[in-house]
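Single-structure report; data block below.
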Amino acid sequence: MKNKGLIALLLTGGFIGLAGILLMKNGNPANMGICVACFLRDTAGALKLHTAAVVQYIRPEIIGFILGAFILSFARGEFKPSGGSSPVVRFFIGMFVMIGALVFLGCPLRMVLRLAAGDLNALVGLFGFTAGIGAGSFFLSKGFSLGGAVKQPKISGFVMPAVAVALLVLLLMKPDFIAFTENNADSALAAGPGGKHAPVFMALAVALVIGGMAQYSRMCMAGGIRDAFLIRNFNLLYGYIAVFVVALIANMATGGFVLGFTKGVAADGAVVAHPIAHTDHLWNFLGMTLVGLGSALAGGCPLRQVILSGEGNTDAAITVLGLIVGGAFAHNFGLAASGKGVPVNGQIAVIIGLVILVILGFASRRQLKGAK
């Protein structure tokens, strides 16, 4: 890897690690900071695609990721809309990735941030995510493909940035038809994760920088583990190593590091638990296995898909829409986990998702063999 690329990945990862702690200290949910899956789910709730009152808020971080990637790609001459490869399949892969993430309670990025806070449940998730990427890498090595993307009209690439601008307008205007957890009449519901957020313009500014940096560095944890399996190249993983190291140092410096599965001792001696997490280890593992497998087949983890959608990649945009609908589906049908564990519906959904994606992997492999 050229030094320029390595430096870009390290700077991107380091900034994200620091930003996650900064946003958490300024209002974002504890033991989270940044979570692409959770933030897309919250945004779906604000648009009333689901009615789980504790997780409804238009997250400015999602807006910033898309617009930051759009602005930099446009400035660098890399905004070249493309897509058209298996959109329906990508949509459903996105749905299953979101279901897996909400069973684990976090995307790959939040998994790393949780681990940097000492949450050992995230370590179980990391093992599952790696296993899922390994399975996906197997299918890729046997010829799995969703088809090649082709050039699209420029208007297609502007859709997701336009959606991001529309979401920003709704966030700032707060019309009555948009739901916000913090406005709920029930104080217990209003105190839910959706009611915890950093100041809008702080979160937006940080996310714009992350969006631009992630677009430039091509940072992707799923891609890093995939490359490690397929070509023994660990370059893309440097970014997430930087996320972990910087977030770990920041947590230790601020007393936010608490080692344990359920409870641990903070720097001040207090016994505290890791919020928005559960100890159902099997489902932490399998939930992230589903996320890893889906990310490998779709060509990127949730953060990478959001960034690509800002660059004009309509395939990624379809996947992001699948993630959003998956978040709504998970809460409307009782699939998402909570601190108490994983509901039976969620367990069944993860198994169904794994079976369908494995069938998809093998079906594509057979199709390619037959085409020779």
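The values are calculated or read from the model by the stated rules, or taken from the named source; none is laboratory data. Bear in mind that the values here come from a model prediction, so they are computed numbers and not experimental data. Note that we place each Cβ from the backbone using ideal geometry, even for glycine, and neighbour counts take in every protein chain shown. Protein only, heavy atoms only, side chains kept; ligands, DNA and RNA dropped before computing areas. Shrake-Rupley method; radii C 1.70, N 1.55, O 1.52, S 1.80 Å.
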Using a 1.4 Å probe on the protein heavy atoms, what percent of the accessible area of the chain belongs to carbon and sulfur? 69 percent
Work out the charge dipole of the chain with +1 on the Cβ of Lys and Arg and -1 on the Cβ of Asp and Glu about the Cα centre, then indicate which of HIS50, GLY224, GLY211 is farthest towards its positive end. GLY224
At 4 °C and a viscosity of 1.567 mPa s, what translational diffusion coefficient does Stokes-Einstein give for segment 41-191, taking Rh as the Kirkwood radius over Cα pairs? Give it in µm²/s as a whole number. 70 µm²/s
What size of dipole, in debye to the nearest 20, comes out for segment 219-331 about its Cα centre when the only charges are +1 on Lys and Arg C-beta atoms and -1 on Asp and Glu C-beta atoms? 140 debye
For segment 1-105, the Cα-Cα pair-distance distribution in 5 Å bins from 0, as whole percents, is 2, 10, 12, 19, 20, 18, 12, 5, 1, 0
So which cysteines of the chain have no other cysteine's Cβ under 4.7 Å from theirs? CYS107, CYS220, CYS301
For mean projected area of the Cα convex hull in nm², calculated from these coordinates, the label among [x] 19.2; [y] 23.3; [z] 17.7: [z]
log10 of Debye I(q)/I(0), alpha-carbon scatterers only, for segment 149-210 at 0.24, 0.25 Å⁻¹: -1.10, -1.13
Give me the distance in nm between label points sitting 7 Å out from Cα along the Cα-to-Cβ direction at LEU6 and ASN26, one decimal. 3.2 nm
For segment 341-350, Karplus couplings with θ = phi - 60° (6.51, -1.76, 1.60), whole Hz, Gly/Pro x: x, 10, x, 4, 4, x, 4, 4, 5, 5
Where does the longest stretch of the chain lie that holds no chymotrypsin sites (Phe, Trp or Tyr not before Pro) found in a DSSP loop with 16 or fewer other Cβ atoms within 10 Å? 1-157
Nearest 20 debye, what's the magnitude of the dipole of the chain about its Cα centre given +1 on Lys and Arg Cβ and -1 on Asp and Glu Cβ? 1160 debye
State in Å² the accessible area per residue of the chain; use a 1.4 Å probe, count heavy atoms of protein chains only, and round to the nearest integer. 40 Å²
Within segment 1-80, report the trypsin sites (Lys or Arg not before Pro) that DSSP leaves as loop and that have at most 14 other Cβ atoms within 10 Å. LYS2, LYS48, ARG76
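At a Förster distance of 41 Å, what's the computed FRET efficiency of ASP186 paired with ALA162, Cβ-Cβ distance as r, to 0.05?
Details: r = 35 Å, r/R0 = 0.85.
Computed FRET efficiency for ASP186 and ALA162: 0.75.
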